[in-house]
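Notes for the one structure printed next.
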Amino acid sequence: MKKTAMLSAAAFIGINLVFPAAAAQNIRAKADVVCEPTKENLTYDCKIKLVDARTNAPLTGVTLTVGADMPSMPGVHNLRSVIAQAQGDPGNYRAILELEMTGVWALRLDITGATRDRVVKVLRFGDD
Amino acid sequence: MLELSGLSKHFGGVRAVDGVNLKVGRGDIVGLIGPNGSGKSTIVNLICGLFPPTAGNVLLAGKDITSLPTHIRVGMGIARTFQNIRLFGQLSVWQNLWVAQNSDQHRKDGSFLKRWLGAPGAARAEIDRTLEFFNLEKKRDELAANLSFGEQRRLEMARALAANPSLLLLDEPAAGMNAEEIEQLDERIRTLRKTGITILLIEHHMELVMAVTDRVAVLNFGQKIADGGPAEIQANPQVREAYLGSSNVK
Amino acid sequence: MIDFVQTTVDGVMVGCSYGLLAIGFTLIFGVIRRLNLSYGPSIMVGAYLGTFLYVQFGAGPLLVAVAVVAGAAIAGIYVERLCFAPMKGGAGVASMVSSFAIWMQLEQAMILLLPRHTYAFPALATGAPWEFGPFTLRPDQLLMLILAIATGIIVNTIIYRTRFGTGLRLVTSNQIAAHLVGVNVRNVMLGAFALASAVGGFAGFLVLAIDQQVTPMFGMWATIKGLIAMMIGGLGSVPGAIAGGLVLGVIEAHAQGLVGPQARDLTAYLLLFLCLVLRPGGLFGKAPEADGAFSSRST
Amino acid sequence: MDDHVVSVLSNIGVISFVALSAYLLLLTGEISFGQQAFFGIGAYAAAIATAMWGWPLAAGLMLGALAGASSALLVGLPTLRLHGLYFAVATLAFAEMIRILLELFHYQVAVDGELVGPNGTDGFGGIRYVFQNKIGAFEYMLLIYTLLATALAGLWLLERSRLGVAFRMIGGDETLAKTSGIAITRHRMIAAALAGALAGIGGGLYAHLTTYIEPRIFDIMLGVHALAYGLIGGLGTALGPLLGVLIDIGLLGSTRLFSGYRMIVFGGLVAVLLIFRPRGLLNEEMVHRIGSFWRRVWPTDPSQKSHGKT
């Protein structure tokens, strides 16, 4: 029993050394997303505006990929992520999503490059 | 060793066991016979605590164990076999015996981890001896479900013995066996008797019962109608009427 | 007091449909001693078929009702053939998981047929609610009540007055004995699935006609509500199923009236949990024996 | 490695925990429709710990495991005497109650001027520990698999231990297990707690993987999937449920081929598979055969001859 306790304590400390509690704070991203249906069935045109949550300055120089999950089916209905194109004013992006069905989807906005972050937006797709 | 006093079990309106008194002395081999449905298996279930009696008590070595749960009774030295073979089919022969093992050996030998992950020396030797006694040593790694009928019967008894019981309840161990196998069983019971174990044998096979038991109790409709030496029982007219009248016995 | 009565009446109306759902569930369970998770999705197949006819061709309520019942029955037979008939005894868990897999299959097939989240469903009857003093009664709800009672009577007649029903009852009480007296157990099982799914389909039609809309969540809804009502009433008992449905409907209605919509479901599950823990046999069933038919045990 | 592959593999790893959790109970013969509740409780507990209280990840995951285990014990007590369908439905009722309670659960604090924390049906976003600490997606996947490997090693040992064999005994024949001296109640509680802890850790990992959780994620769909994975993959070894997850999420969920038709293929596949192998691909018989083969190829010292099943 003692051995087990010591082992788990060692593992605990080890993991904490590798993954410490955060002090260094990255830029925190904030996103506004608007998705419009296209002529194509189940295909949506999404306009995304990324800003720094603290300064509200547009977030530039990053790569944005957009994926989607259905919260009611974790790990089941997940779309392959698409890369969003920068468009118009700085911080504005656009992505085309082909969904499997209408309903509530959680959009995964993955930001890589100058900073790394993930923002999840829950949106209802469909005209109902 | 074992004492049943006024033991009763009613299922709804059926009196499966009705006020049975029975004493089994230490080291005795007592037969329990009776026609089908006379309450024999119910008595075994009551002794090992699978359900509570409606009335009466079960005493083991003078201690009242009536309200103790089954696994505690096993720890106190009661082991049993089942009429229809019951084994852990998805486990190996060795594993069947290993976890059923209930001797002081497996509690003291080696470190905690060794005991939990395997059987240290003496406990392992004990299992091996039991397997050899039942001629199963070659099958130790086989899944119990893959054994032949005869092997399964032997494993069933081996598992009961692995618990190192002071009281062994055998519920129709000869059922489905051929003459040769019954003879082997007879021999094994005789060998066991020398170790001082107490046995309650429930059996339809009269030759076996008469050959190995010291005493025989007879049940009919849940009540004990006779109790005595084998010869005495065979001569008892009440038994002949109840038993031989309803069932075809050798 | 007036609110209380009104809420109770509303609860009874909904409870009727729960009761019908539970009858279907309990018929299947009683006969086969296994849980058919695809029960609700089978009903959903019927519902989507009906909706498809309604949306595409403007079919009327009567035709839609026939389509729903027929679709559900056919889906029920499909489930029986694939998940229950080929499984040997003692494979209760495998059957259940298999029926879950088919649930997924049916649901996706229906989503492919009608990919939008919500579709309109034809109304049973239109018209202004009737007022009786302080109480109101929707005509469609009243019609649903009448139809639900009629269905209950028909099912009861089938079970107690027909040859098939006699076989069904025999199989329910003792499968081996039924086999020995010459009942074709397999046919009875198939028939039970068809009948149960058809009853469920009709219940589904009534519920959807009140709601006037259908979503892909309907399959799960029907399975869960039917399951809860059946467990509360007691497994394998038809009167129990109706009673369970009514109890569930009334208690849900009051919980919603007193606290809110989330409390409604919470109360339903709490009721189910307490019922199982305190009185596992349900209101009308016997206490569960070690029912070997339904466990993951291998032997 | 491709981002998509990393994301799929991470998902597989995380869902494997809840599959293992359901598997552990299946060993003792009980079917639980409710392991998703402990996954959810673990997810919320771990996420609250790191995102709101500023705990390190390991501590958060431990809290998740602890919360999963203790709630499993809590629900284990009243449901102890239930079996089979009754137990399954009772666990379902419990899990749904937990889900609804999570929908009513509001507890938020301001982090960087934004409200973070469980917000009822609107979910709990901003679980950004992994991003704040610049842990890459690949690194996080490694963490998931390290923990999964640890869990598997633990289960591997468990299945060879008296405890694990006793679990299988209870699962095989409870009456016989009783008369073999096994304390059923205690073993069932241990199994429930271990299963709860496994699901709890999985939940904690999931929350930090997606950064967003909401009560709907933890509904019965997840629970029945978890159950199905074990039965598809096989009940003979802890690798069985993993195989099930791999087939479902890895093979079908992530290839474009079946997009839109995936459940039709998967559903049919599972139904047909279960007709031929009601205890899954890697059932006890199969595992035993592989074990015997292994023993022949690689015979161990006869005095130390293998006693366990491999």
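The values are calculated or read from the model by the stated rules, or taken from the named source; none is laboratory data. Bear in mind the structure is a predicted one, so any value in this text is a computation, not a measurement. FYI the Cβ positions are ideal-geometry reconstructions off the backbone, even for glycines, and counts take in every protein chain you see. Accessible surface areas use protein heavy atoms only, side chains included; no ligands, DNA or RNA. Shrake-Rupley method; radii C 1.70, N 1.55, O 1.52, S 1.80 Å.
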Matching residues, region D:97-112, being of a type in the set (D, E, K, R), at the interface with another protein chain (Cβ under 7 Å from one of its Cβ atoms) and under 17 Å from D:Ile213 (Cβ atoms): D:Glu103
Quick one: which residue in D:Ile217, D:Ile213, D:Ile232 is farther than 28 Å from D:Phe131 by Cα and more than 12 Å from the chain's Cα centre (by Cα)? D:Ile232
Need at least 2 residues that are touching a residue at least 60 places away in the same chain (Cβ under 8 Å) and within 23 Å of C:Asp10 (Cα to Cα) per element, so show me which helices (runs of 4 or more DSSP H) inside region C:97-216 make the cut, counting only ones lying wholly within it. C:139-161, C:185-211
Can you find a residue in region C:115-136 that is more than 26 Å from C:Leu49 (Cβ to Cβ) and either under 22 Å from the mean Cα position of the chain (by Cα) or charged (D, E, K, R) (or both)? yes
Residues being surrounded by 19 or more Cβ atoms within 10 Å (Cβ to Cβ) and of a type outside the set (Gly, Ala, Ser) - total across region D:107-126: 3
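Give D:Gly64, D:Gly13, D:Gly34, D:Gly29 a once-over and let me know the one that is open to solvent by less than 30 Å² (accessible area, probe 1.4 Å) and touching a Lys or Arg at 6+ places or on another chain (Cβ under 7 Å).
Being open to solvent by less than 30 Å² (accessible area, probe 1.4 Å) and touching a Lys or Arg at 6+ places or on another chain (Cβ under 7 Å) holds for just one of D:Gly64, D:Gly13, D:Gly34, D:Gly29, which is D:Gly29.
Here's the yes/no breakdown for (1) over 30 Å from B:Gly12 (Cβ atoms); (2) open to solvent by less than 10 Å² (accessible area, probe 1.4 Å); (3) away from chain D (no Cβ under 14 Å); (4) not hydrophobic (A, V, I, L, M, F, W, C):
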position: C:Val181; (1), (2), (3), (4): no, no, yes, no
position: C:Leu195; (1), (2), (3), (4): yes, no, yes, no
position: C:Ala203; (1), (2), (3), (4): yes, yes, yes, no
position: C:Gln213; (1), (2), (3), (4): yes, no, yes, yes
position: C:Gly233; (1), (2), (3), (4): no, yes, no, yes
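Taking into account only those residues within region D:127-150 that are touching a helix residue (DSSP H, G or I) at 6+ places or on another chain (Cβ under 6 Å) and closer than 20 Å to D:Ala47 by Cβ, which is surrounded by the most Cβ atoms within 10 Å (Cβ to Cβ)?
Per the criteria, the residue is D:Ile127.
Looking at C:Ile77, C:Ile23 in this structure, which one is crowded, with 24+ Cβ neighbours inside 10 Å and assigned to a helix (DSSP H, G or I)? If you could, list the steps in order and put the result at the bottom.
Working: C:Ile77 fails: crowded, with 24+ Cβ neighbours inside 10 Å.
Of C:Ile77, C:Ile23, the one residue that is crowded, with 24+ Cβ neighbours inside 10 Å and assigned to a helix (DSSP H, G or I) is C:Ile23.
Output the residues belonging to region D:118-163 that are under 30 Å from A:Arg124 (Cβ atoms), in contact (Cβ under 8 Å) with a residue 12 or more places away in the chain and either more than 12 Å from chain A (Cβ to nearest Cβ) or part of a helix (DSSP H, G or I) (or both).
Step one: of region D:118-163, the residues under 30 Å from A:Arg124 (Cβ atoms) are D:118-132, D:137, D:140.
With the extra rule that they be in contact (Cβ under 8 Å) with a residue 12 or more places away in the chain, the set shrinks to D:118-131, D:137, D:140.
Within region D:118-163, D:Pro118, D:Gly120, D:Thr121, D:Asp122, D:Tyr129, D:Val130, D:Phe131, D:Ala137, D:Tyr140 qualify.
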What single numbered condition from (1) buried (at least 24 other Cβ atoms within 10 Å of the Cβ); (2) part of a helix (DSSP H, G or I); (3) within 10 Å of chain A (Cβ to nearest Cβ) fails to hold for D:Met169? (3)
Scanning region B:47-64 for residues that are touching a Lys or Arg at 6+ places or on another chain (Cβ under 6 Å) and either of a type outside the set (S, T, N, Q) or open to solvent by less than 10 Å² (accessible area, probe 1.4 Å) (or both), the one nearest to B:Leu7 (Cα to Cα) turns out to be B:Pro53
Of the residues that sit in region D:224-243 and are more than 10 Å from every other protein chain (Cβ to nearest Cβ) and in a helix (DSSP H, G or I), which one is most open to solvent (accessible area, probe 1.4 Å)? D:Leu239
Could you grab me the full set of residues in region D:286-300 that are open to solvent by 30 Å² or more (accessible area, probe 1.4 Å) and touching a residue at least 40 places away in the same chain (Cβ under 8 Å)? D:Met286
Counting just the residues of region B:88-113 that are open to solvent by 20 Å² or more (accessible area, probe 1.4 Å) and within 10 Å of another protein chain (Cβ to nearest Cβ), which one comes out modelled with the highest pLDDT? B:Gln90
Here are some residues: D:Ser21, D:Ser71, D:Ser32. Which one is more than 26 Å from D:Gln108 (Cα to Cα), away from every other protein chain (no Cβ under 12 Å) and touching a residue at least 40 places away in the same chain (Cβ under 8 Å)? D:Ser21
Filter result (without any contact (Cβ under 8 Å) to a residue 40 or more places away in the chain and surrounded by fewer than 18 Cβ atoms within 10 Å (Cβ to Cβ)) within region C:87-96: C:Lys88
Out of C:Leu270, C:Leu266, C:Leu248, which single residue is surrounded by fewer than 20 Cβ atoms within 10 Å (Cβ to Cβ), in a helix (DSSP H, G or I) and modelled with pLDDT of 90 or more? C:Leu270
